[in-house]
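Trainee: Below is one structure. I have some questions about it.
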Amino acid sequence: MAGSLTPPPNAPVEEVAQPPQDDGGFIDTLARTDPAKGFHDGRGRDAGDRISVYRNNVVVSLADAIANTFAATGRMVGEDFMKAAAIAFAKANKPRSPLMFLYGDTFADFLARLPGLADYPQVPEVARIEYARVASYHAKDAAPLAGET
């Protein structure tokens, strides 16, 4: 089916879906913090305020994805710290793939650079373990080992 995001069986992740090459600057606008300018609705009215609302929704959704993926890490640092860290990460790191289970692959490194966690090196390590669990869950199955005869 044309336009489907359902990958063929055993398709490499890189081949599943790619963002459009020319989106008129929309994706870059979502990553910025300045007022959105130059966007208009179908009637020619300024859509900057609506873009700002959408931008906020994207950040909140990405932060929620991080919090869900790194639940044990969140329990270690507390809900408020995790929420702030997830939002900061989401603002600084847009997804590189439309497959949301891949988002957060650098979150542990992000945590390791936070001054507030300098005395807690176990926190980024737990985040690495959590992401490894997600990556292994979604990894292609290996061929079974041949048994000895």
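Trainee: In the set P115, P98, which member is in contact with a Leu (Cβ under 8 Å, 6 or more places away or on another chain) and either loosely packed, with under 13 Cβ neighbours inside 10 Å or of a type in the set (S, T, N, Q) (or both)? Quick ask: steps written out before the conclusion?
Mentor: Details: P115 fails: in contact with a Leu (Cβ under 8 Å, 6 or more places away or on another chain).
Result: P98 is the single residue among P115, P98 that is in contact with a Leu (Cβ under 8 Å, 6 or more places away or on another chain) and either loosely packed, with under 13 Cβ neighbours inside 10 Å or of a type in the set (S, T, N, Q) (or both).
Trainee: On to the next question. Just a yes or no: is a residue in the stretch 67-83 at negative phi and either of a type in the set (S, T, Y) or at pLDDT below 90 (or both)? Let's see the steps before the verdict.
Mentor: Within the stretch 67-83, the first condition is being at negative phi, and the residues that meet it are 67-77, 79-83.
Restricting the remaining residues to those that are either of a type in the set (S, T, Y) or at pLDDT below 90 (or both) gives 69, 73.
Yes, there is a match, as at least one residue in the stretch 67-83 is at negative phi and either of a type in the set (S, T, Y) or at pLDDT below 90 (or both).
Trainee: Would you mind listing the helices (runs of 4 or more DSSP H) fully within the stretch 43-149 where at least 2 residues are touching a helix residue (DSSP H, G or I) at 6+ places or on another chain (Cβ under 7 Å) and without any contact (Cβ under 8 Å) to a residue 12 or more places away in the chain? First the steps, then the outcome.
Mentor: Numbers: elements: 48-69, 71-77, 79-92, 107-112, 122-138.
Once the helices (runs of 4 or more DSSP H) in the stretch 43-149 are filtered for at least 2 residues that are touching a helix residue (DSSP H, G or I) at 6+ places or on another chain (Cβ under 7 Å) and without any contact (Cβ under 8 Å) to a residue 12 or more places away in the chain, nothing remains.
Trainee: Of all residues in the stretch 117-131, count the ones that are under 21 Å from A63 (Cβ atoms) and under 22 Å from the mean Cα position of the chain (by Cα). Steps first, answer last, please.
Mentor: Residues of the stretch 117-131 under 21 Å from A63 (Cβ atoms): 117, 120, 123-124, 126-131.
Of the ones still in play, those that are also under 22 Å from the mean Cα position of the chain (by Cα) are 117, 123-124, 126-131.
Counting residues in the stretch 117-131 that are under 21 Å from A63 (Cβ atoms) and under 22 Å from the mean Cα position of the chain (by Cα) gives 9.
The values are calculated or read from the model by the stated rules, or taken from the named source; none is laboratory data. Source: prediction; values computed, not measured. We place every Cβ from the backbone using ideal geometry, glycine too, and count neighbours over all the protein chains shown.
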